[in-house]
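One structure is given here, and the rest of the page talks about it.
The values are calculated or read from the model by the stated rules, or taken from the named source; none is laboratory data. This is a predicted model, so every value here is computed, not measured. Note that each Cβ is placed from the backbone with ideal geometry, even for glycine, and that neighbours are counted across all protein chains shown. Remember, those area values only see protein heavy atoms, side chains included, never the ligands or the DNA or RNA. Shrake-Rupley method; radii C 1.70, N 1.55, O 1.52, S 1.80 Å.
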Amino acid sequence: PVVPGTPGAIRDLDEARQAAAAIGFPVLLKAAAGGGGKGMRVVEEPGGLEGALKTARSEARSAFGDDAVFIEKYLARPRHVEIQLMADAHGTCVWLGERECSVQRRHQKIIEESPSPAVTPDLRRQMGQAAVRMAQAVGYTNAGTAEFLLDGAAFYFLEVNTRLQVEHPVTEMVTGRDLVHDQLRVAAGDPLGYGQDDVETRGHAIEVRVYAEDPDNSFFPSPGRIEFVDGPSGPG
């Protein structure tokens, strides 16, 4: 399942107006050639479409060398939940639980955890099976992540990251699987060596990203030497 939207890129304002009217406001303009929040604009009503389209296209052109954007229905408060996949060249594809990535800033993930506090066992199984079906449909081989938007009990496909992600240790901690090792074995042509029934999760894992920014200067980027770290302590 995907979020309702245009089947391809929007190239002019008239086409954008027709598509937005058919989908229904609010809508989201998104760059077709890349992600990371660049070339993305929320449009609440018809009057804001022209300016948002110009801005989104300009930003997309600058970031990706392509000003193509598409339009989809804007979900106001969805969760960002992703499924970890591992597939070999012998027809085995498994999903290894989910990661909750909803706490974000500037469309970049800050906190990643597994399991998600919003996902029930039945919903987890549905999302995992959907991710596996998608990977098998394209003959995918590698570690990968299927990303979804979760709106209540409904989930919508976003994209597949065809690599290990920064947050992969969260999944390793709760499944006990070494995803880097598995990825190397799969790349070498070896069978994965385990199936879906062998995947078990236990416990809870959280990863946070550290920002090199100056909070006293409008959070301006301030990379440099880390001179002090205050880690979590106390009970739990």
| query | If only one of Ala87, Ala68, Ala143 is hydrophobic (A, V, I, L, M, F, W, C) and within 27 Å of Thr6 (Cβ to Cβ), which one is it? | reply | Ala68
| query | Hey, does region 88-100 have a residue that's polar (S, T, N, Q), buried (at least 19 other Cβ atoms within 10 Å of the Cβ) and modelled with pLDDT of 95 or more? | reply | no
| query | If you go through region 138-158 one residue at a time, do you hit one that is free of Cβ contacts under 8 Å to residues at least 40 places away in the same chain and of a type in the set (Ser, Thr, Tyr)? | reply | no
| Breaking point among (1) more than 20 Å from the chain's Cα centre (by Cα); (2) of a type outside the set (Asp, Glu); (3) surrounded by fewer than 16 Cβ atoms within 10 Å (Cβ to Cβ), for Ala20 | (3)
| query | Quick one: would you say Gly34 is surrounded by fewer than 16 Cβ atoms within 10 Å (Cβ to Cβ) and modelled with pLDDT under 90? | reply | yes
| task | Please specify each residue of region 185-210 satisfying the condition of being touching a residue at least 60 places away in the same chain (Cβ under 8 Å), open to solvent by 50 Å² or more (accessible area, probe 1.4 Å) and under 22 Å from the mean Cα position of the chain (by Cα). | result | Thr201, His204, Ile206, Val208, Arg209
| query | in contact (Cβ under 8 Å) with a residue 60 or more places away in the chain and over 23 Å from Glu200 (Cα atoms): does that describe Lys54? | reply | no
| Qualifying residues in region 105-127 (those that are within 13 Å of the chain's Cα centre (by Cα) and open to solvent by 70 Å² or more (accessible area, probe 1.4 Å)) - the one modelled with the lowest pLDDT | His107
